[in-house]
Amino acid sequence: MNNQQKFPTLRGTDKKGKTKEWDISVENMGEYSLIITSYGYLGGKRVESKAQVNTGKNIGKRNETTHYQQALHDAESKWKRKRDTDGYITDTVSFNTNPTDDGTNATTNNTTNATTNNTTNATTNNTTNATSNNTTNANTNNTIVLPMLAQEFKKQAKKIVYPCYVQPKLDGYRMVFDIKTKKCTSRTGKEYTILYGTQLYQDLLSLSINMEHQNSSDHYQSICLDGELYVHDAEFAFEHYGILRKQKELTTSEKEHLGKIQYHVYDIYNSNTPLQTFEQRLFNLHTISKHFSNRIKTVRTIKCDRQQDVEQQHQLFVGDSYEGSMIRNAVGIYKPKFRSADLLKHKDFDDSEFTIVDFTREIDTTGGNQDLVVWVCQTEQGARFKVPSKGTREERQELYKKADQFIGKKLWVQYFGLTADNIPRFPKTKASGISSIRTEML
């Protein structure tokens, strides 16, 4: 038995506009399955890696999977993350990942469905968008701007050009608001639909209408605000931001939390003038901010002439209960989607997302003898490590009961540097309960 399913090729661009390709496939070898990943530049050499899946999951349960089905599930998760998180696109957007072990359904409808009226990434304009720094909305032809991402201050401090600008680092949820389309989107381009019934969104609509009326040209209508959904209040727990991922009806308490969330803007991007420096963008942001309501705020921005000033301001921000600081080069341009050395994050601890590949338990020391979940995550290099979950005993016990459904999801892990083997040191989940698990691509 040797069946293979190949997922549609994904394409993206690097900072210089060169096209990258990424492929993943699953091969049933009989006793085990292989997940085969390859990537490289269009027309260039490819790098290939293989991961072996020996067993399925949930053995003995109704949702039991074989090693081949589990490999397909894992590969599909990787494929979707590459598409949704990294902004890759494909001409073929539909595939079947629920085959029998003989692979008879593995490739059924892949080609046919690709030409139907899909509601995922548009099948038009793919060639054009493949060379842009943006991604295409699932339901329209509107281009979504993915925010510029930061690099580590510890690794890139030498890239700072003085004088620079320093802002507090906010520990909320990233959001881009498009003045023209009126959409609120996340770091990965997903819409915050839960916001559309809030007063905050009404304030954003009023802002866009004011800008359209006072500026007849397209200059201001092509602006996107870049900021954070955030509340600077020690009593507003990080877990409360989880309501932004909800699709169902909110409870009274959740509605109250949602009503407190503000939009803190720290940058803007204008697609008509993409080469503006941060100093120029900051001036324009201050001009726009005269239309802001009390729910929309500009982030404090301090000019620093030397590294000593940066460190001093960083400590002031930390002392004021911020997560850290963000350093921006005055002459840096905005690079949608990419990590830029013109934007550095400075924290006294690290946090990143890692894939959950397994879970284990620890025994409740109070004598209850209940299983408390401990996640097993994996680095990009394939090294595994355990991550204790924050939360009450009851929360950890409940997570253990249903932990298998989170395999393949992303876990937000907080840690203090890396060991010599590049494994997070003293890891723990960033928040309690399910709040640290990214079940949706935000």
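Just so you know, all these numbers are worked out from the coordinates, no wet-lab data involved. It should be emphasised that the depicted structure is a prediction, and the values quoted were computed from it without experimental measurement. Here the Cβ is made from the backbone with ideal geometry for all residues, glycine too, and neighbour counts use every protein chain on show.
Of the listed pairs Lys57/Lys401; Lys15/Lys297; Lys159/Lys190; Lys61/Lys402; Lys57/Lys402, which have alpha-carbon separations greater than 20 Å here? Could you put the intermediate results ahead of the total?
On the way: Lys57/Lys401 14 Å; Lys15/Lys297 31 Å; Lys159/Lys190 31 Å; Lys61/Lys402 13 Å; Lys57/Lys402 13 Å.
Flagged as over cut-off: Lys15/Lys297; Lys159/Lys190.
Can you tell me which lysines have their Cα less than 19 Å from the Cα of Lys20? Leave out same-chain residues fewer than eight positions away.
Counting by Cα, and skipping residues close in sequence, Lys20 has these lysines nearby: Lys6, Lys45, Lys78, Lys80, Lys82, Lys335, Lys337.
For a quick protection proxy, order the peptides 155-164, 423-432 by their average other-Cβ count within 10 Å, most packed first. Write out the running numbers ahead of the final one.
Values: 155-164: 14.5, 423-432: 17.7.
Most protected by this proxy first, the peptides run 423-432, 155-164.
What aspartates and glutamates could a cross-link reach from Lys50, if we take a straight Cα to Cα line under 16 Å and drop same-chain neighbours fewer than 8 places away?
Partners within reach: Asp23, Glu27, Glu31, Asp74, Glu76, Glu380.
Students often check this: by mean Cβ neighbours within 10 Å, which of 40-49, 351-360, 234-243 ranks highest, and how do the rest follow?
Ranked by mean Cβ neighbours within 10 Å, highest first: 351-360, 234-243, 40-49.
Name the residues whose placed amide hydrogens come within less than 5 Å of the amide hydrogen of Phe359, ignoring near sequence neighbours (fewer than 5 apart) on the same chain.
Those lying under 5 Å, H to H, from Phe359 are Val376.
Using θ = phi - 60° and the Karplus curve 6.51 cos²θ - 1.76 cosθ + 1.60, what whole-Hz ³J(HN,Hα) does each residue of segment 261-273 get, with Gly and Pro shown as x?
Values, residue by residue: 5, 10, 10, 9, 9, 10, 6, 9, 9, 10, 5, 7, 10 Hz.
Setting aside same-chain residues fewer than 8 positions from Lys155, which aspartates and glutamates have a Cα under 14 Å from its Cα?
Candidates past the 8-residue exclusion: Asp342, Asp348, Asp350.
What order do you get for 339-346, 270-277 when each peptide is scored by the mean count of other beta carbon atoms within 10 Å, highest first?
Values: 339-346: 20.8, 270-277: 15.0.
Going from most to least packed, we get 339-346, 270-277.
I'd like the Karplus ³J(HN,Hα) series for segment 17-25: coefficients 6.51, -1.76, 1.60, θ = phi - 60°, whole numbers in Hz, and an x wherever there's a Gly or Pro.
In residue order, the calculated couplings are x, 6, 7, 10, 10, 9, 10, 9, 9 Hz.
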